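The values are calculated or read from the model by the stated rules, or taken from the named source; none is laboratory data. Note that the coordinates shown come from a computational prediction; the quantities given were computed from them, not determined experimentally. Note: ideal-geometry Cβ built from the backbone for every residue, glycine included; neighbour counts use all protein chains shown. Heavy atoms of the whole protein, side chains included, go into the accessibility calculation; ligands, DNA and RNA do not. Shrake-Rupley method; radii C 1.70, N 1.55, O 1.52, S 1.80 Å.
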Amino acid sequence: MPDFPLHGPDLDFRVTGVEPAFEGLTPLLLFDLEVTADVPVHAVLLQTQIRFEPNRRRYTSEEKEKLADLFGEPERWGQTLRNRLWTFAPVTTRAFSGTTTVQLPVPCTFDLNLASAKYLYALEEGDVPLVFLFSGTVFYPAADGRLQVGQVSWEKEAEFRLPVRAWQDLMEHHYPGTGWLTLPRDLLDRLYAYKRRHGLATMEQAVERLMDEAAQPVNEEVAP
């Protein structure tokens, strides 16, 4: 019979890989999560907080320009380049003894109103430094076989470097050659009215025409 610690199971976590879920209806990244316990476990109801660690990578000049919306000008990054929350992701393990691996599904979005999408969209290549912070509930048998309930230690975490390409491939699969944005209803109504007024076939044509008009130089000559 194995020795059962009085404080409950001691769990360790390691993120070993990631792959885009191309078959799903919504964009998901599937992280391979390895869970190790020092006693047999019936199940772990795991809650994972995932954070970006942006100060742990270098940025090109193009990336810095895009990231000004999040972190300000690069000369301020010593104060502004701090860890940022990406998302929370729950998962439940099956019964195991020793080590098991589960896939941790993480929903992704192309909504550039959200800081997480802004950050990932700005990156061109390389890796995204991540830290996974774990909490949750562990169900395990006591030495006499009775069901026990414990908590995952708040000190448990794991680091992982997400290839930027994985997120890019996922977005390209779900939104091939396009992106998307949301607009307030009144602004959408105005854009739709502009499209109808100018006899344009699509909203893309309306936005393109507006951008072309905005790019034209202002005629400063005063009409006689």
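Quickly run through segment 111-142 and pick out the residues that are open to solvent by 20 Å² or more (accessible area, probe 1.4 Å), hydrophobic (A, V, I, L, M, F, W, C), outside any loop (DSSP other than H, G, I, E, B) and out of contact with any Lys or Arg (no Cβ under 9 Å at 6 or more places or on another chain).
Selection gives 139 alone.
Tell me the residue from 206, 166 that is in a helix (DSSP H, G or I), open to solvent by less than 90 Å² (accessible area, probe 1.4 Å), at negative phi and in contact with a strand residue (DSSP E or B) (Cβ under 6 Å, 6 or more places away or on another chain), please.
The unique qualifying residue is 166.
In segment 7-41, what count of residues is obtained for those that are open to solvent by 20 Å² or more (accessible area, probe 1.4 Å) and in contact (Cβ under 8 Å) with a residue 60 or more places away in the chain?
Total satisfying the criteria: 17.
Which one is nearest to residue 63 (Cα to Cα), of the residues in segment 97-110 that are open to solvent by 20 Å² or more (accessible area, probe 1.4 Å), more than 11 Å from the chain's Cα centre (by Cα) and not β-branched (Val, Ile, Thr)?
The selected residue is 103.
Since residue 159 meets every condition but one in (1) open to solvent by less than 80 Å² (accessible area, probe 1.4 Å); (2) closer than 30 Å to residue 138 by Cα; (3) among the charged types (D, E, K, R), which condition does it not meet?
(1)
So is residue 70 farther than 28 Å from residue 152 by Cβ and modelled with pLDDT under 95 or not?
So residue 70 fits the description; yes.
For the structure I just gave you, tell me whether residue 44 is closer than 15 Å to residue 167 by Cβ and either open to solvent by less than 20 Å² (accessible area, probe 1.4 Å) or basic (Lys, Arg) (or both).
No: the conditions fail for residue 44.
Please specify each residue of segment 52-110 satisfying the condition of being touching a residue at least 60 places away in the same chain (Cβ under 8 Å), of a type outside the set (Ser, Thr, Tyr) and not in a loop (DSSP other than H, G, I, E, B).
Result: 52, 54, 56, 62, 63, 96, 102, 103, 104, 105, 106, 107.
Hey, among 86, 77, which residue is open to solvent by less than 40 Å² (accessible area, probe 1.4 Å), among the aromatic types (Phe, Trp, Tyr), over 15 Å from residue 138 (Cα atoms) and under 14 Å from the mean Cα position of the chain (by Cα)?
86
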